[in-house]
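See below for the structure under consideration.
The values are calculated or read from the model by the stated rules, or taken from the named source; none is laboratory data. Computed from a prediction, not measured in an experiment: that's the story for all the values here. As a convention, Cβ positions derive from the backbone with ideal geometry for all residues, glycine included, and neighbour counts pool all protein chains shown.
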Amino acid sequence: MSTTEIDRQWTTRLRQRVTSKLPPEKLLPDTQPAYVSSWIYVFGVTTLAALMVVIATGCVLAIRGPQWWHGSNIGHFVNSLHLWSVEIFFFAMVIHLWGKFFMAAWRGGRSLTWVTGAVTFLVSILTAFTGYVSQTNFDSQWIATQAKDGINATGGGAYFNVLNLGQMLMWHIVLLPIGAVVLTALHVLMVRSKGVVPPFADASEMS
Amino acid sequence: MNWATSLAALVPLDHLGHYLHWHWFLISVANLTVIGLMVVTFIVALFVPFPGRRRREDSK
(Lines give C-alpha, C1' and ligand atoms only; values in the text may rest on other atoms or scores of the structure.)
Protein backbone atom coordinates (compact mmCIF):
# COMPACT_ATOMS: atom_id res chain seq x y z
CA MET A 1 0.00 0.00 0.00
CA SER A 2 1.46 3.37 -1.01
CA THR A 3 1.88 6.32 1.38
CA THR A 4 -0.83 8.24 -0.52
CA GLU A 5 -3.27 5.37 -0.08
CA ILE A 6 -2.51 5.21 3.65
CA ASP A 7 -3.03 8.97 3.96
CA ARG A 8 -6.46 8.62 2.34
CA GLN A 9 -7.70 5.94 4.79
CA TRP A 10 -10.42 7.11 7.15
CA THR A 11 -8.49 5.75 10.16
CA THR A 12 -5.45 7.88 9.24
CA ARG A 13 -7.54 10.99 8.63
CA LEU A 14 -9.52 10.51 11.88
CA ARG A 15 -6.33 9.96 13.91
CA GLN A 16 -4.69 13.05 12.42
CA ARG A 17 -7.80 15.14 13.06
CA VAL A 18 -8.13 13.97 16.68
CA THR A 19 -4.42 14.41 17.50
CA SER A 20 -4.34 17.87 15.92
CA LYS A 21 -7.41 18.99 17.94
CA LEU A 22 -6.43 17.23 21.14
CA PRO A 23 -2.71 16.50 21.42
CA PRO A 24 -1.78 14.57 24.62
CA GLU A 25 -0.33 17.69 26.30
CA LYS A 26 -3.75 19.40 25.90
CA LEU A 27 -5.75 16.33 26.91
CA LEU A 28 -3.83 15.87 30.16
CA PRO A 29 -1.97 19.15 30.78
CA ASP A 30 0.71 19.46 33.49
CA THR A 31 -0.19 23.03 34.44
CA GLN A 32 -3.12 25.42 34.21
CA PRO A 33 -3.09 29.23 33.82
CA ALA A 34 -2.62 31.25 37.05
CA TYR A 35 -6.21 32.55 36.97
CA VAL A 36 -7.51 28.99 37.50
CA SER A 37 -6.21 29.20 41.12
CA SER A 38 -9.62 30.16 42.48
CA TRP A 39 -12.33 28.23 44.32
CA ILE A 40 -14.84 29.13 41.59
CA TYR A 41 -13.00 26.74 39.24
CA VAL A 42 -13.47 23.80 41.63
CA PHE A 43 -17.17 23.22 40.99
CA GLY A 44 -16.84 21.70 37.51
CA VAL A 45 -14.62 18.90 38.75
CA THR A 46 -16.81 18.51 41.87
CA THR A 47 -19.78 17.93 39.53
CA LEU A 48 -17.74 15.36 37.62
CA ALA A 49 -16.69 13.55 40.82
CA ALA A 50 -20.31 13.49 42.05
CA LEU A 51 -21.43 12.10 38.66
CA MET A 52 -18.97 9.22 39.04
CA VAL A 53 -20.44 8.35 42.47
CA VAL A 54 -23.97 8.65 41.03
CA ILE A 55 -23.14 6.19 38.23
CA ALA A 56 -21.28 3.77 40.53
CA THR A 57 -24.06 3.67 43.18
CA GLY A 58 -26.69 3.48 40.42
CA CYS A 59 -24.94 0.39 39.03
CA VAL A 60 -25.03 -1.26 42.48
CA LEU A 61 -28.76 -0.43 42.84
CA ALA A 62 -29.44 -1.85 39.35
CA ILE A 63 -27.63 -5.09 40.20
CA ARG A 64 -29.37 -5.66 43.57
CA GLY A 65 -32.89 -4.33 42.81
CA PRO A 66 -35.76 -2.66 44.72
CA GLN A 67 -36.26 -5.32 47.45
CA TRP A 68 -32.62 -4.82 48.44
CA TRP A 69 -32.61 -1.02 48.43
CA HIS A 70 -35.92 -0.88 50.37
CA GLY A 71 -35.40 -3.82 52.69
CA SER A 72 -31.79 -3.98 53.90
CA ASN A 73 -29.53 -1.62 55.84
CA ILE A 74 -26.75 -1.71 53.24
CA GLY A 75 -29.41 -1.19 50.54
CA HIS A 76 -30.68 1.91 52.37
CA PHE A 77 -27.11 3.13 52.66
CA VAL A 78 -26.32 2.74 48.92
CA ASN A 79 -29.72 4.27 48.07
CA SER A 80 -28.83 7.27 50.29
CA LEU A 81 -25.38 7.55 48.69
CA HIS A 82 -27.13 7.66 45.29
CA LEU A 83 -29.52 10.41 46.47
CA TRP A 84 -26.91 12.54 48.23
CA SER A 85 -24.38 12.29 45.38
CA VAL A 86 -27.16 13.59 43.10
CA GLU A 87 -27.76 16.46 45.56
CA ILE A 88 -24.03 17.34 45.47
CA PHE A 89 -24.02 16.92 41.67
CA PHE A 90 -26.78 19.52 41.21
CA PHE A 91 -25.46 21.82 43.96
CA ALA A 92 -22.01 21.96 42.34
CA MET A 93 -23.38 22.11 38.78
CA VAL A 94 -25.57 25.14 39.53
CA ILE A 95 -22.63 27.04 41.11
CA HIS A 96 -20.46 25.99 38.12
CA LEU A 97 -23.18 27.35 35.79
CA TRP A 98 -23.43 30.66 37.70
CA GLY A 99 -19.64 31.05 37.66
CA LYS A 100 -19.39 30.37 33.92
CA PHE A 101 -22.36 32.63 33.16
CA PHE A 102 -20.78 35.64 34.89
CA MET A 103 -17.42 34.86 33.21
CA ALA A 104 -19.24 34.74 29.83
CA ALA A 105 -17.47 31.43 29.33
CA TRP A 106 -18.73 31.13 25.74
CA ARG A 107 -16.11 33.69 24.63
CA GLY A 108 -13.22 32.75 22.35
CA GLY A 109 -14.96 30.09 20.24
CA ARG A 110 -16.28 28.24 23.30
CA SER A 111 -19.98 28.48 22.39
CA LEU A 112 -20.35 24.70 21.92
CA THR A 113 -18.71 24.11 25.31
CA TRP A 114 -21.40 26.35 26.87
CA VAL A 115 -24.19 24.71 24.87
CA THR A 116 -23.14 21.13 25.76
CA GLY A 117 -22.98 22.19 29.44
CA ALA A 118 -26.46 23.74 29.30
CA VAL A 119 -27.95 20.70 27.52
CA THR A 120 -26.26 18.37 30.05
CA PHE A 121 -28.00 20.38 32.79
CA LEU A 122 -31.40 19.85 31.15
CA VAL A 123 -30.75 16.13 30.55
CA SER A 124 -29.67 15.80 34.20
CA ILE A 125 -32.95 17.35 35.39
CA LEU A 126 -34.87 14.80 33.31
CA THR A 127 -32.67 11.99 34.66
CA ALA A 128 -33.31 13.10 38.25
CA PHE A 129 -37.05 13.36 37.58
CA THR A 130 -37.26 9.82 36.13
CA GLY A 131 -35.24 8.68 39.17
CA TYR A 132 -37.81 10.18 41.53
CA VAL A 133 -40.65 8.33 39.79
CA SER A 134 -38.64 5.05 39.70
CA GLN A 135 -38.11 4.76 43.46
CA THR A 136 -40.97 2.20 43.75
CA ASN A 137 -42.44 3.71 46.93
CA PHE A 138 -45.37 5.98 47.85
CA ASP A 139 -43.24 9.05 47.18
CA SER A 140 -42.65 8.01 43.56
CA GLN A 141 -46.36 7.21 43.10
CA TRP A 142 -47.30 10.63 44.45
CA ILE A 143 -44.77 12.44 42.22
CA ALA A 144 -45.89 10.46 39.13
CA THR A 145 -49.59 11.13 39.68
CA GLN A 146 -48.90 14.83 40.19
CA ALA A 147 -46.52 15.07 37.22
CA LYS A 148 -48.81 13.30 34.76
CA ASP A 149 -51.12 16.33 34.57
CA GLY A 150 -48.20 18.63 33.75
CA ILE A 151 -46.80 16.26 31.10
CA ASN A 152 -50.26 15.66 29.60
CA ALA A 153 -50.83 19.42 29.38
CA THR A 154 -47.80 19.63 27.08
CA GLY A 155 -49.11 16.81 24.88
CA GLY A 156 -46.07 14.68 25.70
CA GLY A 157 -47.97 12.15 27.81
CA ALA A 158 -48.66 9.92 24.80
CA TYR A 159 -44.92 9.28 24.38
CA PHE A 160 -43.61 9.84 27.89
CA ASN A 161 -46.00 8.22 30.38
CA VAL A 162 -44.83 9.00 33.91
CA LEU A 163 -47.26 6.38 35.32
CA ASN A 164 -45.48 3.64 33.33
CA LEU A 165 -42.81 2.48 35.79
CA GLY A 166 -41.04 0.24 33.26
CA GLN A 167 -40.71 3.08 30.75
CA MET A 168 -39.53 5.56 33.39
CA LEU A 169 -36.97 3.10 34.80
CA MET A 170 -35.55 2.42 31.31
CA TRP A 171 -35.26 6.15 30.63
CA HIS A 172 -33.60 6.58 34.05
CA ILE A 173 -31.05 3.76 33.87
CA VAL A 174 -30.34 3.49 30.11
CA LEU A 175 -31.20 6.38 27.77
CA LEU A 176 -30.73 9.46 29.96
CA PRO A 177 -27.51 8.31 31.72
CA ILE A 178 -25.99 7.53 28.29
CA GLY A 179 -27.00 11.04 27.14
CA ALA A 180 -25.67 12.71 30.29
CA VAL A 181 -22.34 10.83 30.24
CA VAL A 182 -21.74 11.34 26.48
CA LEU A 183 -22.57 15.08 26.77
CA THR A 184 -20.34 15.42 29.85
CA ALA A 185 -17.48 13.68 28.02
CA LEU A 186 -17.89 16.01 25.01
CA HIS A 187 -18.06 19.01 27.36
CA VAL A 188 -14.81 18.03 29.13
CA LEU A 189 -13.03 17.31 25.81
CA MET A 190 -14.08 20.77 24.54
CA VAL A 191 -12.76 22.39 27.73
CA ARG A 192 -9.47 20.53 27.17
CA SER A 193 -9.38 21.50 23.50
CA LYS A 194 -10.14 25.21 23.92
CA GLY A 195 -8.68 25.67 27.41
CA VAL A 196 -10.30 27.36 30.41
CA VAL A 197 -11.81 30.74 29.51
CA PRO A 198 -9.52 33.63 30.56
CA PRO A 199 -10.83 36.45 32.77
CA PHE A 200 -12.09 39.68 31.20
CA ALA A 201 -9.18 41.97 30.31
CA ASP A 202 -8.52 44.80 32.78
CA ALA A 203 -9.61 48.26 31.68
CA SER A 204 -5.93 49.30 31.95
CA GLU A 205 -4.89 46.50 29.56
CA MET A 206 -7.59 47.41 27.05
CA SER A 207 -6.68 51.10 26.87
CA MET B 1 -28.16 10.18 72.21
CA ASN B 2 -25.80 9.76 69.25
CA TRP B 3 -25.16 12.44 66.62
CA ALA B 4 -27.61 10.95 64.09
CA THR B 5 -30.46 11.04 66.63
CA SER B 6 -29.54 14.62 67.58
CA LEU B 7 -29.61 15.65 63.93
CA ALA B 8 -32.93 13.89 63.37
CA ALA B 9 -34.37 15.79 66.37
CA LEU B 10 -33.06 19.06 64.94
CA VAL B 11 -34.58 18.46 61.50
CA PRO B 12 -37.80 16.46 61.89
CA LEU B 13 -38.09 14.35 58.73
CA ASP B 14 -41.23 12.48 59.75
CA HIS B 15 -43.58 15.45 59.46
CA LEU B 16 -45.08 17.53 56.69
CA GLY B 17 -42.61 20.03 55.24
CA HIS B 18 -42.83 23.76 55.90
CA TYR B 19 -43.73 25.97 52.96
CA LEU B 20 -43.51 29.71 52.28
CA HIS B 21 -46.29 31.16 50.20
CA TRP B 22 -46.64 34.64 48.64
CA HIS B 23 -49.52 34.96 46.17
CA TRP B 24 -48.61 32.62 43.26
CA PHE B 25 -45.12 31.84 44.60
CA LEU B 26 -44.74 28.68 46.70
CA ILE B 27 -41.48 27.16 47.92
CA SER B 28 -40.53 24.66 50.62
CA VAL B 29 -38.19 25.84 53.38
CA ALA B 30 -35.90 22.91 52.48
CA ASN B 31 -35.55 24.04 48.86
CA LEU B 32 -35.11 27.68 49.90
CA THR B 33 -32.35 26.60 52.33
CA VAL B 34 -30.49 24.73 49.57
CA ILE B 35 -30.76 27.75 47.23
CA GLY B 36 -29.46 30.00 50.04
CA LEU B 37 -26.54 27.63 50.67
CA MET B 38 -25.69 27.68 46.94
CA VAL B 39 -25.67 31.50 46.88
CA VAL B 40 -23.47 31.61 50.02
CA THR B 41 -21.08 28.97 48.58
CA PHE B 42 -20.87 30.92 45.30
CA ILE B 43 -19.97 34.17 47.10
CA VAL B 44 -17.46 32.42 49.40
CA ALA B 45 -15.83 30.76 46.36
CA LEU B 46 -15.34 34.17 44.75
CA PHE B 47 -13.65 35.81 47.72
CA VAL B 48 -11.82 33.13 49.74
CA PRO B 49 -8.21 32.86 48.52
CA PHE B 50 -7.24 29.56 46.92
CA PRO B 51 -4.50 27.70 48.89
CA GLY B 52 -1.05 28.01 47.33
CA ARG B 53 -1.93 30.90 45.02
CA ARG B 54 0.25 33.43 46.88
CA ARG B 55 3.16 30.96 46.94
CA ARG B 56 2.91 30.49 43.17
CA GLU B 57 2.71 34.25 42.58
CA ASP B 58 5.74 34.87 44.84
CA SER B 59 7.80 32.27 43.01
CA LYS B 60 7.37 34.09 39.68
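All conditions but one from (1) more than 24 Å from the chain's Cα centre (by Cα); (2) more than 27 Å from residue A:104 (Cβ to Cβ); (3) of a type outside the set (D, E, K, R) apply to residue A:35; the one that does not is (2). Only a single criterion out of (1) at pLDDT below 95; (2) more than 21 Å from residue B:38 (Cβ to Cβ) is not satisfied by residue A:172, namely (1).
Among the residues of region A:60-76, is any over 30 Å from residue A:130 (Cα atoms), more than 24 Å from the chain's Cα centre (by Cα), surrounded by 12 or more Cβ atoms within 10 Å (Cβ to Cβ) and not assigned by TED's automatic domain parsing to the domain that holds residue A:185?
Of all residues in region A:60-76, those over 30 Å from residue A:130 (Cα atoms) come to none.
Among the residues of region A:60-76, not one is over 30 Å from residue A:130 (Cα atoms), more than 24 Å from the chain's Cα centre (by Cα), surrounded by 12 or more Cβ atoms within 10 Å (Cβ to Cβ) and not assigned by TED's automatic domain parsing to the domain that holds residue A:185, which makes the answer no.
Restricted to helices (runs of 4 or more DSSP H) entirely inside chain B, those with at least 3 residues that are within 12 Å of chain A (Cβ to nearest Cβ) and modelled with pLDDT under 70 are B:53-58. All conditions but one from (1) at pLDDT 95 or above; (2) in a loop (DSSP other than H, G, I, E, B); (3) under 30 Å from residue A:20 (Cα atoms) apply to residue A:201; the one that does not is (1). Here is the figure for region A:48-90: residues that are within 28 Å of residue A:189 (Cα to Cα), out of contact with any Leu (no Cβ under 7 Å at 6 or more places or on another chain) and not hydrophobic (A, V, I, L, M, F, W, C) total 3.
Within region A:107-118, can one find any residue that is of a type outside the set (Lys, Arg), within 14 Å of chain B (Cβ to nearest Cβ), within 20 Å of residue A:48 (Cα to Cα) and buried (at least 19 other Cβ atoms within 10 Å of the Cβ)?
First, pick out the residues of region A:107-118 that are of a type outside the set (Lys, Arg): A:108-109, A:111-118.
From the residues that got through so far, the ones that are within 14 Å of chain B (Cβ to nearest Cβ) too are none.
No, there is no match, as no residue in region A:107-118 is of a type outside the set (Lys, Arg), within 14 Å of chain B (Cβ to nearest Cβ), within 20 Å of residue A:48 (Cα to Cα) and buried (at least 19 other Cβ atoms within 10 Å of the Cβ).
Among what's in region A:18-31 and is within 19 Å of residue A:109 (Cα to Cα) and in contact (Cβ under 8 Å) with a residue 60 or more places away in the chain, pick the residue that is farthest from the other protein chains (Cβ to nearest Cβ). Filtering region A:18-31 for residues that are within 19 Å of residue A:109 (Cα to Cα) and in contact (Cβ under 8 Å) with a residue 60 or more places away in the chain, the one farthest from the other protein chains (Cβ to nearest Cβ) comes out as A:21. Among the numbered conditions (1) in contact with a helix residue (DSSP H, G or I) (Cβ under 6 Å, 6 or more places away or on another chain); (2) modelled with pLDDT under 95, the only one that residue A:78 does not meet is (2). Candidates in region A:38-62 are the residues that are more than 14 Å from chain B (Cβ to nearest Cβ) and not hydrophobic (A, V, I, L, M, F, W, C); of these, the one that is farthest from residue A:174 (Cα to Cα) is A:57.
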